[in-house]
Amino acid sequence: MSTTSIDLQPHGGGHGHEGQDPHFQHHFTTMEQQFDTSKIGMWLFLATEILLFGGLFVGFGLMQGRYPREFVEAHTYLQRSLGALNTIVLLVSSWTMVMAVHSARTNQRKKTVMFLAFTIVCACIFLGVKYFEYSAKFEEGLLPAKYYWHKENSIPACPAGPATATPTIPGCTHGYATFFAFYFMMTGLHGIHIVVGIALLTWIMLRANKGEFSGAYYTPVDLVGLYWHIVDMIWIYLFPLYYLIS
Amino acid sequence: MEHVVKSGAPVGQRPRPTKNYLNETTGIWSWMTTLDHKRIGIMYLCGVLTAFFIGGMFALLVRLSLLTPTHKIFGRVLMDAEQYNRAFSLHGIVMVFLFIIPAIPGSLTNFVLPLMIGAKDVAFPRLNLASFYLWCLGLLMALTSIAMGPVDTGWTFYTPYSTTTTGAVPMAAMAAFVLGFSSIFTGLNFIATVHKLRMPGMGWFDMPLFVWGMYSTAVIQVLATPVIGITLVLMVLERVFGIGIFDARMGGDPVLFQHFFWFYSHPAVYIMILPGMAIISELMPTFSKKTIFGYRAIAYSSVSLALVSFIVWGHHMFVAGQSQLANVVFSALTFLVAIPSGVKVFNWLTTMYKGNVSLETPMLYALTFMITFGIGGLTGIPLATLATDVHLTDTYFVVAHFHYVMMGGTVIAFLGGLHYWWPKMTGRMYSETWGRVSAVLVFVGFNTTFLTQFILGSRGMPRRYYNYLDQFQPLHMYSTFGSWILALGFFIMAAYLLASLRKPADAPDNPWGGTTMEWETSSPPIAHNFEEQPVLEHEPYDYRHRVTV
Amino acid sequence: MNWGVQWMLPAAGSDFARYSDTIYAGLFWLCMAMFAGIAIATVYFPLRYRFKAGRVTPHQTHNTQLEVIWSVAPLILCVVIFFIGLKGYLSYAVAPANSMEIQVTAKQWLWQFEYPDGSRTINDLHLPIGKNAHFVMTSDDVLHDFFVPDMRVKMDIVPGRYTEVWFNPTVLGKHVFTCAEYCGKGHSDMHGVLTVENDAEFANFLETGGTEWEDYFSGKDPTKTPEVWGKLQWERKGCNSCHNLDGTRSKGPSWKGIWGKMEKLNNGTTVLVDEAYVRESMMQPQAKVVEGFEPIMPTFQGLLKPKEIDGLVAFIKSLQ
């Protein structure tokens, strides 16, 4: 059973400069194959991110069905203007990210670094705005779950004690506490992804500065770009869900 | 026409290379930083077998406690109710998350899949190593949770018990979370590998069925696992911060947890069985020296199982309080998912028809699979049937059913694959005689342990019970005896497998007469798998050009 | 119908149980037949086609006709089984309108049953033979499950909501019921006895107000005395909504220290607060109303059982 009549070098080679490119991984046959495979991997990872957040979206939807009035009322305590500002900031950052990928691909080192820096700045602005939003919530007592104590609301606290079969009093604090629990969980998880994104962006910005990327190899920029777009997209769903529904 | 000896090795074996993946580099650091899928597979193998041992010890403890209604061994009570509850919980957690989900993908698939498609490695070797280290972290966290306070929630972590009981529930849940990511990265790696790294000439329908099975598994791993991740996070946050999503006292719904949980955990059981089926699809043609019957049907059924597995989760909740409509829909869909499995069994059996069947140890496991997975699958029918499920669910009938499919299915297939690829991985042949002895003990022990449990269940013995009515004692006793026979079979297996490692590495390239690419390279393989890039030259499982002499 | 599977099942205690058993038997034999096919092939083929050096095997890649048959036939079979199961399930799922409703509260690790007349029992369920019994269930803490093997019924009990199950017992005698959803340390001890009896015995059981009171009058447990039992009734029967224990005025007089007092009534007479007065006040509250209070107390005729009244009397007496 002979294996082959094509006698390739055991370490790739055959197309272009693969043998010389320091980023070439030798279980691939061409750089193009390596790039395509990396993209598939990234898209698969992003699918898992969508499912991760998806679980929270489903949970939110079900709780909204359980406490429709409280959820709608609780929305009014979120600051729409700040949410809108953050949306614009992230959209801008997505644009700068696209420009960064394009610059990397067209061998423009300085522009790549610049656009990545702008993206990081936008991300930091986003986090800054979130800090203001969160501190406002903390001060007002619009806290998640059992920590909820918002004094402005004249809603009665829900009865404590053993679980009973009678549904909770309509309009008691459970609905609000749950709303804010989801608010903090979802924006918090999203915020963690932004922080990770900042770390990734910084890393590739430093690599770009060293001139590592070119038309032949810009995979990390492209992949971080994909990640960043998903993080932006998740916010695009979060924003109307939390801030705009009335 | 190629002449091969009975074992399948070509007459006039290729000269053996001096360096292979095992001795190419030495030292523990070279193993800990390896990017070689074969070495990672071996490390995973050691890990999951350790986990199997730990989980198995818990199982033996549980069965020992159930030997008599008094729980006494040699006059002393073995465990009290709380300790028993922890023992069965840990048995489940270790076996499900640390063993059965990662075992075949992490160990055998990692080793064999790139070889089968003529590739040098998986798509993302560094991610592969990261998967392994995540598994190790998960193991450490699980052991830490045992030290901090073993959980007693069952592996299912149902609320509100899990959000209120003592024990290191967050640590155990987060161990499962970490293990989930290990699983996701493995699946992600295999999907990319199968898409992009197949050798020249190998189209989708030229791939071995093992690859189809593992690809289908990988799809489930990537899509379903994030959901258990977020579910466990929600449960832990509920426990720590009192969110109120699952807790009735805070206006939540305990049944919602079950929906979230089983949305992953049902597809998870297909993560468990599809690799087992994938192995059987390799064993049957090889040991029948005949092409697999119904290649396309098996390939399509693997993918359809993966997809349909996502829409049947409610059959774990027929008496949980979900609506009657939900019960009807889930029951109907569950019957649907039975068909592809049945088709595979028929195809495998037909492969032997007019074949040239030899009964080496891997084949003994494959034949055992037909029986034990057959029983497991068939006993799913009264469980899918609403009228009978009401009586049988939450009893030992279910315990027997899932052990028949998970252990009688996946573990038996895993053992078959382990013995099949052992010479390829280690370069050594184990003792065939002891292999057969162990296989028989495993078959007898397994059936003795679990067949009786169907009767216990249908007679009304609920599961997760420390105490039981006296009338159930004889059946419990037989079940415990069976567990000892099973344990003996495993200990003998460990002994002869380890003993084989002391022999020189002189196994033939192709001891069984397989037709897939891994048998075209040396046993053990060289570090970069093949001397020259392989190119596809024949259909999968084509025995027309081989004559055994 | 006994199709040879009775040895695997408990004795059927209801018509639904027999129906479920028939389906079970059918499935059992069907599965046995399919298993026989698989097992025979698994054993026969390796023997009949055992390895012989030099044998050439046919290159059978597929057989479309055969594969279609063995995909479609099981599919049809599955559809049929599904509908049979569905029919059985629908007959079980919804309680008939003329059912006796029993409230079930499960908690770690006991069962509390409340009958239509207000009687309560712990772990001790009585039902009249041949009558539909409809259980409306909730939990005070974690998930539980009401499983009656002889009746082939099972339903989870969920805190924060009600779940329901019903059956019609047709076999006299004792049947076990037990918890079937893991609930902690006492899960495997959380069982009780269902006694199916004829109408007269059941009526007598209700008359004596259930059996929960027995623990409080047996003297075995120092924490369970008739006074404690009486206090429970003060909470459960709603006495506490009008009579408090701290001496302050509410809609009704406080019970603190009234035993043995001379109470002034609204018609100017006085009466000694003794056992006869207390009993009369429960049954005919308008007969003697304390001065300064409105005659608003409802009668507890038929709502308080003898042992419950005994407990209340002991409790009031103890509030010196």
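Distance between the C-alpha centres of region A:59-102 and region B:470-549: 54 Å, rounded to the whole angstrom.
Working note: 222 nm ellipticity from helices only, DSSP H runs with n ≥ 4, each -39,500 (n - 2.57), summed and divided by the residues of chain C, gives -11500 deg cm²/dmol to the nearest 500.
Using a Förster distance of 56 angstrom, determine the FRET efficiency expected from the C-beta separation of C:ALA11 and B:THR26, and round it to 0.05.
Once the sixth-power term is evaluated, E becomes 0.25.
Using Cβ point charges alone (K and R +1, D and E -1), the dipole size of the protein assembly as shown about the Cα centre works out to roughly 2100 debye.
Oblate is the label for the protein assembly as shown. Its Cα gyration tensor axes, ordered a ≥ b ≥ c, give a/c of at least 1.5 and b/c at or above a/b. Peptide A:21-29 shows a mean partner chain C-beta count of 4 within 10 Å per residue C-beta. Which of the helices in chain C meet the span-like rule: DSSP H, Cα axial reach of 30 Å or more, Kyte-Doolittle mean at least 1.0? Passing helices, by number: C:64-93. Each of B:ARG436 and B:CYS136 was given a label point 7 Å from its Cα along the Cα-to-Cβ line. The distance between the two points is 4.1 nm. Positive-end ranking of B:VAL194, B:GLY229, B:MET79 along the dipole of region B:34-520, with charges on Cβ about the Cα centre, is headed by B:VAL194. Spacing of the modelled spin labels on A:ASN209 and B:ARG126, each 7 Å from Cα toward Cβ, amounts to 2.0 nm. Label zone (C:GLN320, point 7 Å along Cα-to-C-beta; backbone nitrogen cut-off 18 Å) within region C:197-235: C:226-228.
For chymotrypsin sites (Phe, Trp or Tyr not before Pro), the sites in region C:1-41 that DSSP calls loop and that have at most 12 other Cβ atoms within 10 Å are C:TRP3. In chain B, the DSSP-assigned H stretches of four residues or longer account for a calculated mean residue ellipticity at 222 nm of -20500 deg cm²/dmol, using -39500 (n - 2.57) per stretch and the full residue count as denominator. Modelled spin labels at C:ARG18 and B:THR144, positioned 7 Å past Cα toward Cβ, are 6.1 nm from each other.
Between C:SER254 and C:SER218, the contour length at 0.36 nm per residue exceeds the Cα-Cα span by 10.0 nm. The mean number of Cβ atoms from other chains found within 10 Å of a Cβ in peptide B:124-134 is 1, as a whole number. Taking a Cβ cut-off of under 15 Å around B:ILE93, the surrounding Lys, Arg, Asp and Glu residues balance to a net charge of +1, with basic ones at +1 and acidic ones at -1. As a length-normalised measure over Cα pairs under 8 Å and 6 or more apart, the relative contact order of chain C settles at 14 percent. Looking at region C:252-320, the GluC sites (Glu not before Pro) that sit in a DSSP loop and have at most 16 other Cβ atoms within 10 Å of their own Cβ are C:GLU291. The longest part of chain B holding none of the exposed loop trypsin sites (Lys or Arg not before Pro), meaning those outside H, G, I, E and B in DSSP with at most 12 other Cβ atoms within 10 Å, is B:20-501.
Taking a Cβ cut-off of under 10 Å around B:LEU536, the surrounding Lys, Arg, Asp and Glu residues balance to a net charge of -2, with basic ones at +1 and acidic ones at -1. Relative to the longest principal axis of chain B, what angle (0 to 90°, nearest 10) does the C-alpha long axis of helix B:324-352 take? That helix lies at roughly 30 degrees to the long axis.
Trypsin sites (Lys or Arg not before Pro), restricted to region C:186-262: which are DSSP loop and have at most 15 other Cβ atoms within 10 Å? When the trypsin sites (Lys or Arg not before Pro) of region C:186-262 are filtered for loop state and at most 15 Cβ neighbours within 10 Å, C:LYS220, C:ARG249, C:LYS251, C:LYS256, C:LYS261 remain.
Just so you know, all these numbers are worked out from the coordinates, no wet-lab data involved. Since we're looking at a predicted model, the values are computed, not measured. Neighbour counts are summed over all protein chains in view; Cβ atoms, including those assigned to glycine, are modelled from backbone coordinates with ideal geometry.
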